[in-house]
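The values are calculated or read from the model by the stated rules, or taken from the named source; none is laboratory data. These numbers were taken from a predicted model, which means no experiment stands behind them. Heads up, the Cβs are rebuilt from the backbone with ideal geometry, glycines too, and the neighbour counts pull from every protein chain shown.
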Amino acid sequence: MAQETILNVRDLRVSFRAYGGTVQAVRGISFDLRRGETVAIVGESGSGKSVTSKAIMGILPSNASVDAGTIMYDGVDLAHAPENVMHDIRGKRIGLVFQDPLSSLNPIMKVGKQITEVLTRKGMDRKQARAKALQLMKDVGIPEAERRINQYPFQFSGGMRQRIVIAIALAGDPEIMICDEPTTALDVTVQAKILELINALKAERSLSVIFITHDLGVVAQMADRICVMYAGKIVEMGTAEEIFLQPAHPYTWALLSSMPDLDTRDRLAAIPGAPPNMIHPPKGDAFAPRNPYALNIDFEEEPPVFRLSETHYAATWLLHPKAAKVDMPESLARRIQRMKEAGGRA
Amino acid sequence: MLKYILGRIGAMLLTIFLVMTLSFWIIRLMPMTIFENPEVSPEVQYKLEERMHLHEPKIVQYYYFLEGIILKGDFGTSVKLRPGMDVFDIIMVRIQPTMVLNFFSLLVSIPLGILAGTVAALRRNTWLDHVISFAIVIFISVPSFVFASLLQYCLTFLWPVFPTLYNAQAPNVWQAFRSMILPITALSLGPIATIARYLRGELIETLSSEYMLLARTKGLTQNEATWSHAFRNSMVPIANTIIPMITGIMGGSLVIEKLFSVPGEGGLLVDSIMAGDHFLTVALLIFYSLISLITILVVDISYGIIDPRIRIGGGK
């Protein structure tokens, strides 16, 4: 894979000022997005994945600040770009699809206007903008676009609203689309259709996609590469194949084990405990207290990032040459074996 | 939309009928002596009472009362305050000062309330917001007649800038208006604060809403997004606070009119209750209810225009 990198996040740190102190939501993450690929960022609630997407868009709330790091896009550092530069990037170059289509559309504005609003403000004439909105609505699979363009969000179903949100994100013809949990608020049957749509649009418009989710099952059919985030850090990063078939970090093991599996009667393995308080992040590896494989050093010192292959990295002391060799849980190993036999499909 | 409006008007007619019925029964069931005038001989009194059907059973009186209003527009005759005068005429004579007072209070309070609320929301947690929010609490919790007395004391006695009382014989419009400034101010402070408080809360909520965020990710500037998404959406619930506000202004004007000797309906209502002029009281109660209902109707209709969820939902 020698494609050109179009977005480059280096050592990004974001914190929030809260009543109890400073919440370190993102603690130094780095990843690349290459042209035409989908990078998934996976993690529990509060792992910092949505904050990352907001930092890229420059829409962090006012009590948040980027403490360090850069987000390089087309020669501009988005983490420190002034508002007027961001206006030209948001929508036009990078589009964002929100999690909840019920609350992310303005309830009292016609959907057509919500799609064309930016276009007309940036000087497109009304007729042209309307034609473009109709085309977008057809592209995202909304039937009877001519009639529905004059309707309000409450006249649409959840899945249709999410299609509108996607149409809005695409209105400025961006080259990067960030999907922040785009299917979490939807019914499972609708989820699959929206994922298909995102994949189709990605191919049609040669988009690069950052796909944020807590659901590894969703990721399997979307991502080229996966970043697993925990407590504001990327703990493991690799191609989808590497993450699903050769996971190296105990947190990734736990995530994979917590996915329902129809083929066995094994009990679903939940991850014990809760994510740490990010006002006082724990010393050492943040996952250590919940990690049955934790070593003593995990509580003392943060693990460095170990390189497993050209594309596969993981931050866990288990990979240190001096560490005793620990294998992944047996049930997970069996499951991966079955996946391989089934042809690499999760 | 037409169906929605017709439905609203139907509901309004029903309400006004209920108000008529209620005020008739409540007032008529009170012990009443229509005439206490010693100059009128008992025979004449009896005759007059006969003419007003006062010797019939109450239910028959109720029938005559409804028949008078609905078929003839006849609300009865004043018996104590202006003996012999038609109640409807008395009200019509007094309507102008009341309307001017209430109308100007509304005219002043809506834009000022919107301005104060918007400034407070956009400058949230700055000293400006704290000053406005503090003033809001004071203006909401202190009743208007206290402000009226304070204003009278400060601006007509300590520093005589304005006339103390309403000037009914003002030589020109400006003089008349000048004497209205204090009552209008006293009446407006509460409503300004009410609107400002609601709008501040509403605007802060919409400003942090997901669709505001989406509007910004589309590439709108903060100002553009605030104007076309947050501000407009915040106005929807504000339309609803205007109903209690108008009734509040009218309720307040009962006392304010008295304090500033404004010759309007408010003072008349208070006087008629005190004097026991029951025909006049009932007619004034209906008048006030009618005004409230009309404002509610106007607000409801404008609500439907602003908020498509109501318009389209109501048209089903």
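Return yes when A:Pro304 is touching a residue at least 40 places away in the same chain (Cβ under 8 Å), of a type outside the set (Phe, Trp, Tyr), surrounded by fewer than 17 Cβ atoms within 10 Å (Cβ to Cβ) and at negative phi and no when it is not.
Numbers: touching a residue at least 40 places away in the same chain (Cβ under 8 Å): no; of a type outside the set (Phe, Trp, Tyr): yes; surrounded by fewer than 17 Cβ atoms within 10 Å (Cβ to Cβ): yes; at negative phi: yes.
For A:Pro304, the condition - touching a residue at least 40 places away in the same chain (Cβ under 8 Å), of a type outside the set (Phe, Trp, Tyr), surrounded by fewer than 17 Cβ atoms within 10 Å (Cβ to Cβ) and at negative phi - is not met.
Taking the range B:161-208 on its own, how many of its residues are among the polar types (S, T, N, Q), more than 22 Å from B:Asn240 (Cα to Cα) and not in a loop (DSSP other than H, G, I, E, B)? Quick ask: steps written out before the conclusion?
To start, the set of residues in the range B:161-208 that are among the polar types (S, T, N, Q) comprises B:164, B:167, B:169, B:172, B:175, B:179, B:185, B:188, B:194, B:206, B:208.
Those left that are additionally more than 22 Å from B:Asn240 (Cα to Cα): B:164, B:167, B:169, B:172, B:175, B:179, B:185.
From what's left, not in a loop (DSSP other than H, G, I, E, B): B:175, B:179, B:185.
So the answer is 3.
Look through the range A:91-108, keep the residues that are under 23 Å from B:Asp307 (Cβ atoms) and more than 8 Å from chain B (Cβ to nearest Cβ), and return whichever of them is nearest to the chain's Cα centre (by Cα).
That would be A:Pro101.
Need at least 3 residues that are more than 12 Å from chain B (Cβ to nearest Cβ) per element, so show me which helices (runs of 4 or more DSSP H) inside the range A:109-220 make the cut, counting only ones lying wholly within it. Please lay out each step first, then the result.
Working: elements: A:111-121, A:126-139, A:145-148, A:158-170, A:188-205, A:216-220.
Output list reads A:126-139, A:145-148, A:158-170, A:188-205, A:216-220.
Going by the conditions given, is B:Thr281 more than 30 Å from A:Glu175 (Cα to Cα) and among the β-branched types (Val, Ile, Thr)?
Working: more than 30 Å from A:Glu175 (Cα to Cα): yes; among the β-branched types (Val, Ile, Thr): yes.
Yes: the conditions hold for B:Thr281.
How about the range A:243-297: which of its residues are of a type in the set (Val, Ile, Thr) and buried (at least 16 other Cβ atoms within 10 Å of the Cβ)? Walk me through how you get there before you give the answer.
Narrowing the range A:243-297 to residues of a type in the set (Val, Ile, Thr): A:243, A:252, A:264, A:271, A:279, A:297.
Once the filter is applied, which keeps residues that are of a type in the set (Val, Ile, Thr) and buried (at least 16 other Cβ atoms within 10 Å of the Cβ), the range A:243-297 yields A:Ile243, A:Thr252, A:Ile271, A:Ile297.
Please count how many residues of the range B:186-229 are within 20 Å of B:Ser133 (Cα to Cα), within 11 Å of chain A (Cβ to nearest Cβ) and either buried (at least 22 other Cβ atoms within 10 Å of the Cβ) or in contact (Cβ under 8 Å) with a residue 24 or more places away in the chain (or both).
Keep residues of the range B:186-229 that are within 20 Å of B:Ser133 (Cα to Cα), which gives B:186-208.
Those left that are additionally within 11 Å of chain A (Cβ to nearest Cβ): B:206-208.
Narrowing further to those that are either buried (at least 22 other Cβ atoms within 10 Å of the Cβ) or in contact (Cβ under 8 Å) with a residue 24 or more places away in the chain (or both): B:206-207.
Residues that pass the stated criteria total 2.
Would you point out the residue of the range A:63-90, among those that are closer than 23 Å to A:Lys202 by Cβ and either part of a loop (DSSP other than H, G, I, E, B) or among the small types (Gly, Ala, Ser) (or both), that is farthest from the other protein chains (Cβ to nearest Cβ)?
Per the criteria, the residue is A:Asp74.
Residues B:Ser261, B:Ser253: which one is among the polar types (S, T, N, Q), in a helix (DSSP H, G or I) and over 21 Å from B:Leu22 (Cα atoms)? Break it down stepwise before answering.
Details: B:Ser261 fails: in a helix (DSSP H, G or I).
Exactly one residue qualifies, and that residue is B:Ser253.
Output yes when any residue across the range B:230-238 is away from chain A (no Cβ under 14 Å) and in a helix (DSSP H, G or I), and no when none is. Walk me through how you get there before you give the answer.
The initial filter retains those residues of the range B:230-238 that are away from chain A (no Cβ under 14 Å), namely none.
The answer is no, given that none of the residues of the range B:230-238 is away from chain A (no Cβ under 14 Å) and in a helix (DSSP H, G or I).
The rows are residues; the columns are (1) surrounded by 17 or more Cβ atoms within 10 Å (Cβ to Cβ); (2) out of contact with any strand residue (DSSP E or B) (no Cβ under 8 Å at 6 or more places or on another chain); (3) at pLDDT 90 or above.
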{"site": "A:Gln3", "(1), (2), (3)": "no, no, no"}
{"site": "A:Tyr19", "(1), (2), (3)": "no, yes, no"}
{"site": "A:Ile41", "(1), (2), (3)": "yes, no, yes"}
{"site": "A:Ile56", "(1), (2), (3)": "yes, no, yes"}
{"site": "A:Pro101", "(1), (2), (3)": "yes, yes, no"}
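Checking the condition surrounded by fewer than 23 Cβ atoms within 10 Å (Cβ to Cβ), under 30 Å from B:Pro308 (Cα atoms) and without any contact (Cβ under 8 Å) to a residue 60 or more places away in the chain, which residue from A:Arg148, A:Arg205 passes?
A:Arg148
Being of a type outside the set (A, V, I, L, M) and under 13 Å from B:Leu259 (Cα atoms) is the filter here; which residues of the range B:144-155 pass it? Before the answer, list the steps.
So in the range B:144-155, the residues of a type outside the set (A, V, I, L, M) come out as B:144-145, B:147, B:149, B:152-154.
B:Ser144, B:Phe145, B:Phe147, B:Ser149, B:Gln152, B:Tyr153, listed by residue number.
Could you list, in sequence order, all residues of the range A:21-39 that are at negative phi, surrounded by fewer than 18 Cβ atoms within 10 Å (Cβ to Cβ) and of a type in the set (Gly, Ala, Ser)?
A:Ser30
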